[in-house]
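What follows is calculated from the coordinates using simple rules that are stated; it is not laboratory data. Here the structure is a predicted model, which means the values were calculated and not measured. Every residue, glycine among them, receives a Cβ derived from its backbone with ideal geometry; neighbour counts consider all protein chains shown.
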């Protein structure tokens, strides 16, 4: 069957909005810088310590701020000027990145510097996340939001497609510091794209009732009462805990199993991103907002491809498995992100995102430590397989729980 032009164009309808389009291209560059930084950061700590557990500490440091700050950021998302807040987050992150790059280039870097920088960047991400996610509906409106969510997921992975490969080239040819420096530049360009957004062209503005305070306690109460909302948040966070983005385990596979170079590690990230982009384009054709039923179905597929990655006999088959990981991981993320909009009322949207980021980043921080211990005790392959078992068990449990309407 041939798709009509209107069906094909509906996947990209959010790009018709000038504000969203400008921000989309700015964040594409920033996401490339973020992924280049992650590759450089992981490679740096392995070069300094050759320890899977310390790599886990770096991952925990990067995502631990979500436990501390994201809930308040969710409250801020319902109250502050999002454009100014996002510009501030990007400028603060640029300062952290250039400081770490200077330490690396001057050969003064220590492992604690890497951990501290990861924590500080985690702070900016924890504040940025809920505000950015709740900002998309403002830029494009309710009708175009599914397109914006899918395009945002593709955007992240376009950055992941080019960022890790670029980091590998920069590390092998110039050095780790130069790869980190690229991240600093990308933050500045993202701040510039935000400055071009015109509030007069906003497509959705939620008007808060005067005199009604925005309380975190009310947000938690609401999320726990809305069971499908709660379990959508839990499911994506739990999968992220066990290595959904494959970044942590791929660093160990590249260094310890395949004995590869920084460029080989970078290609792993690009393989995941290529699969994720294909997934985002594929899943963007769905006009309806996702459900928890769809989320768990995609999570089962993702668990299956994790098992394939754990058993991959060589580097090239592992790359192929990573492509599948990226594809199905994207389906899970789009379902989880869309589930917030499906199940959360507008007045709780920002706080629901704050709780989502809080749970997601907190569980990644715990998972970083757990996967590090598992990788040292078993092997990198064993850590991947263990995560696949956990993902499959959780998905089957939720499939049974929500088999019938409540």
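Per residue, the convex hull spanned by the Cα atoms of segment 71-184 measures out at 100 cubic angstrom.
Taking all Cα pairs closer than 8 Å and separated by 6 or more residues, the relative contact order of the chain comes to 29 percent. Computed over segment 302-406, relative contact order equals 39 percent, with contacts defined as Cα pairs under 8 Å that lie 6+ residues apart.
Plainly put, segment 332-406 has a radius of gyration that is 1.08 times its Kirkwood radius, both from alpha-carbon atoms, as the Rg/Rh ratio. In a fully extended conformation the segment linking residue 373 and residue 172 would gain 69.5 nm over its present Cα-Cα distance, using 0.36 nm per residue.
Take every Cα pair under 8 Å whose residues are at least 6 apart in sequence, average their separation, divide by the length of segment 89-164, and the relative contact order is 29 percent.
Cβ crowding within 10 Å ranks 223, 332, 357 as 223, 332, 357, fewest other Cβ atoms first.
Thinking of the chain as a set of Cα atoms, what percent of all their pairs are more than 41 Å apart? Roughly 9 percent, once rounded to a whole number. Taking other Cβ atoms within 10 Å as a rough exposure proxy, 39, 140 sort from fewest to most as 140, 39.
For segment 286-389, a/c is not less than 1.5, where a ≥ b ≥ c are the root eigenvalues of the C-alpha gyration tensor, and a/b does not top b/c. That puts it in the oblate class. The slack in the chain from residue 316 to residue 259, taken as 0.36 nm per residue of separation less the alpha-carbon distance, amounts to 19.2 nm.
Using the Cβ-Cβ distance between residue 142 and residue 396 with R0 set to 30 Å, the FRET efficiency works out to roughly 0.35.
Across segment 13-121, the fraction of Cα-Cα pairs farther apart than 21 Å, rounded to a whole number, is 47%. Each of 143, 17 has some number of other Cβ atoms within 10 Å of its Cβ, and from fewest to most they run 143, 17.
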